[in-house]
1. Tell me, yes or no, whether segment 65-78 has at least one residue that is touching a helix residue (DSSP H, G or I) at 6+ places or on another chain (Cβ under 8 Å) and over 21 Å from residue 20 (Cα atoms).
2. In segment 56-89, which residues are assigned to a loop (DSSP other than H, G, I, E, B) and either out of contact with any strand residue (DSSP E or B) (no Cβ under 6 Å at 6 or more places or on another chain) or under 20 Å from residue 26 (Cβ atoms) (or both)?
3. Which ones in segment 12-42 are within 17 Å of the chain's Cα centre (by Cα), surrounded by 13 or more Cβ atoms within 10 Å (Cβ to Cβ) and not in a helix (DSSP H, G or I)?
4. Counting only residues that are modelled with pLDDT under 95 and touching a helix residue (DSSP H, G or I) at 6+ places or on another chain (Cβ under 9 Å), how many does segment 28-43 have?
5. Which residue pairs have Cβ atoms closer than 9 Å, lie 6 or more positions apart in sequence or on different chains, and pair a first residue in segment 44-62 that is farther than 13 Å from residue 32 by Cβ with a second residue that is surrounded by fewer than 16 Cβ atoms within 10 Å (Cβ to Cβ) and modelled with pLDDT of 95 or more?
6. Taking the criterion of being farther than 30 Å from residue 10 by Cβ and out of contact with any strand residue (DSSP E or B) (no Cβ under 7 Å at 6 or more places or on another chain), would at least one residue in segment 30-41 satisfy it?
7. Given 53, 92, which one is under 21 Å from residue 20 (Cα atoms) and either assigned to a helix (DSSP H, G or I) or modelled with pLDDT of 95 or more (or both)?
């Protein structure tokens with residue numbers, strides 16, 4: 001696919017930095033974490049409870065990746081004990097909206113998917 005000069009990034013090019021961000025966003029835990037943070041900030045424990053099945057280690061790695069990409073912001077509140085919450089940045093909100101649209105699309109086709117899965121092979 002030829003690169004459009006108006007778009008300096010090409011996710012199909014293995015060396016393009018957009019590929020790494022796409023991997024972070026579309027990974028199972030990345031997509032679910034972004035969706036869980038929309039529409040309001042959440043603390044680590046709240047996210048862990050919301051995203052069923054994610055380990056502390058994987059949630060921590062996912063949040064760090066999304067923070068490094070500028071999609072999530074981490075805020076430490078000066079309380080005793082200190083509280084940390086995570087929120088979407090404006091860029092993260094834009095990406096989370098796309099992820100939520102994909103999730104809603106998936107919900108819409110699940111009856112068809114389940115019907116096909118139930119058919120004998």
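The values are calculated or read from the model by the stated rules, or taken from the named source; none is laboratory data. Since the structure is predicted, the reported quantities are computational estimates derived from the model, not experimental observations. No Cβ is skipped: glycine too gets one built from the backbone with ideal geometry, and neighbour counts run over all protein chains shown.
1. Within segment 65-78, not a single residue is touching a helix residue (DSSP H, G or I) at 6+ places or on another chain (Cβ under 8 Å) and over 21 Å from residue 20 (Cα atoms).
2. Across segment 56-89, the qualifying residues are 69, 70, 71, 78, 79, 80, 81, 89.
3. 27, 37, 38, 41, 42
4. 2
5. What qualifies is 44/56; 44/60.
6. So the first thing to find is which residues in segment 30-41 are farther than 30 Å from residue 10 by Cβ, and the list is 39-41.
Within this subset, residues satisfying the condition of being out of contact with any strand residue (DSSP E or B) (no Cβ under 7 Å at 6 or more places or on another chain) are 39-40.
Yes - at least one qualifying residue is present in segment 30-41.
7. Every option except 92 fails the conditions.
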